[in-house]
Amino acid sequence: MLAPSVVRDDEDLASLLAAGWGLRLASATLLSTGTANCRVLVCDGERYFLKEHGRSTQPLQLQRERRLLAHLAGERIPVGTVISTCDGAAFIAHRERLFQLQSFVAGHTWPKHQAPQWLLEELALTLGRIVRALAAVPRLPSGCGKWFAGRLPARAQRLRELATQIEAAPWLREDERSRLSESARTRAQIVERIAGCGPSARDFTIGNTHGDYSLLQVLCANKAISAVVDFEKASQLPYVWEVVRSFTYAHPSCRQGGLDQAALEHYFRAFESVMPLRTGERRRSLAPYLLQLAQSTFGFAQLAASATPNQRDLVEFACWRTAMCKTLQALPLANAA
């Protein structure tokens, strides 16, 4: 899901690095995964990681991320280090994009739904350590305020409107239009089903957390996590939401939208060995994830508006989320009061 880079060529990149950080570029490798343009650089004999953020990233997020990484490193959480610019800033702005340079950490990421057992254990334990460490920093912005705001009927209507727009979108193949329209309408039905009986924010521990934690944000080396990356979305969220979401991105049972409840219980136990939850939270743990997924228009809105370079990925992701919603609503963990 890469957006086009605003860096024209290596000469342009070299000028950017010299002006921003006083570094001399020897080589650059553009990575092919993620939603941002990321490069591994060699400058003056050292390796670095350069991230070119999308237009939605705000300067405050990157300033906050630098502080969080410094705090987490002090708590012995495996993270990278933000390299300050020549004038001490956390990033530079170039052609309406924000560029951040970090220390290079060796490792590789595992594909979604292919985490081995050792990594599932480490994912849960590391998330617990991150949450525990972030409890000591000032309150982060809310990442879930709108979830519990009682706007579900309007979200159901919006999903049906998008389904109608998708059915007339000429840039989609016929099979894509059919799948997406059915998926959006199914999501609208689920939203209406949970309206009026959805969970309350009072039912869950909400605190500082990573905000986008998954095995896609974790570098691994020698059967260990070498670094957790991408803290720019750090915010206040229900802890159980971050636990369940990260599990569904990692465990093989979730590939087609399924969910192994016994494996999820084991994942929760590992997390709670570090960061205990309130009594009864695990019993209601799927409810916030279902609430967030069901009313989300991500994927549908983009595909209804225009053709996109990552069209196939968006179709699959939107439909996977609907399959996950169907699974979640049928499980007692999503409906327990």
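The values are calculated or read from the model by the stated rules, or taken from the named source; none is laboratory data. Values in this document were obtained by computation on a predicted structure and should not be read as measured data. Glycine also receives a Cβ, built like all others from the backbone with ideal geometry; neighbour counts cover every protein chain displayed.
Ala136 fulfils the conditions (1) at pLDDT 95 or above; (2) in contact with a helix residue (DSSP H, G or I) (Cβ under 7 Å, 6 or more places away or on another chain) except for a single criterion, (2).
Look through the stretch 161-214, keep the residues that are of a type in the set (D, E, K, R) and assigned to a loop (DSSP other than H, G, I, E, B), and return whichever of them is farthest from Cys319 (Cα to Cα). Walk me through how you get there before you give the answer.
Applying the first criterion (of a type in the set (D, E, K, R)) to the stretch 161-214 yields 161, 167, 173-177, 179, 182, 185, 187, 192-193, 202-203, 212.
Next, from what is left, pick out any that are assigned to a loop (DSSP other than H, G, I, E, B): 173, 212.
Working: Arg173: 15, Asp212: 20 Å.
In this case the residue turns out to be Asp212.
If you go through the stretch 222-265 and keep only what is assigned to a helix (DSSP H, G or I) and surrounded by fewer than 21 Cβ atoms within 10 Å (Cβ to Cβ), you end up with Arg245, Tyr249, Pro252, Ser253, Gln261, Ala262, Ala263, Glu265. The one condition from (1) more than 20 Å from the chain's Cα centre (by Cα); (2) modelled with pLDDT of 95 or more that Arg151 does not meet is (2).
To keep it simple, each residue is scored yes or no on (1) at pLDDT 95 or above; (2) within 15 Å of Thr209 (Cα to Cα); (3) hydrophobic (A, V, I, L, M, F, W, C).
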{"position": "Gln236", "(1), (2), (3)": "yes, yes, no"}
{"position": "Glu242", "(1), (2), (3)": "yes, yes, no"}
{"position": "Pro252", "(1), (2), (3)": "yes, no, no"}
{"position": "Tyr267", "(1), (2), (3)": "yes, no, no"}
{"position": "Met275", "(1), (2), (3)": "yes, yes, yes"}
{"position": "Gly280", "(1), (2), (3)": "no, no, no"}
{"position": "Ala287", "(1), (2), (3)": "no, no, yes"}
{"position": "Leu293", "(1), (2), (3)": "yes, no, yes"}
{"position": "Thr297", "(1), (2), (3)": "yes, no, no"}
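Only one entry of Leu293, Leu328 meets the criterion of being surrounded by 17 or more Cβ atoms within 10 Å (Cβ to Cβ), within 17 Å of the chain's Cα centre (by Cα) and assigned by TED's automatic domain parsing to the domain that holds Asp212, and that entry is Leu293.
Only one entry in Thr81, Thr85, Thr57 is touching a residue at least 60 places away in the same chain (Cβ under 8 Å), more than 30 Å from Gln311 (Cβ to Cβ) and of a type in the set (Ser, Thr, Tyr), namely Thr85.
Listed here are the residues, each with its yes/no results for (1) in contact with a strand residue (DSSP E or B) (Cβ under 9 Å, 6 or more places away or on another chain); (2) loosely packed, with under 13 Cβ neighbours inside 10 Å; (3) in a strand (DSSP E or B).
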residue: Pro4; (1), (2), (3): yes, yes, no
residue: Val42; (1), (2), (3): yes, no, yes
residue: Lys51; (1), (2), (3): yes, no, yes
residue: Leu60; (1), (2), (3): no, yes, no
residue: Leu72; (1), (2), (3): yes, no, no
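Note on the stretch 88-113: among residues that are touching a His at 6+ places or on another chain (Cβ under 9 Å) and without any contact (Cβ under 8 Å) to a residue 60 or more places away in the chain, the one that is surrounded by the fewest Cβ atoms within 10 Å (Cβ to Cβ) is Leu98.
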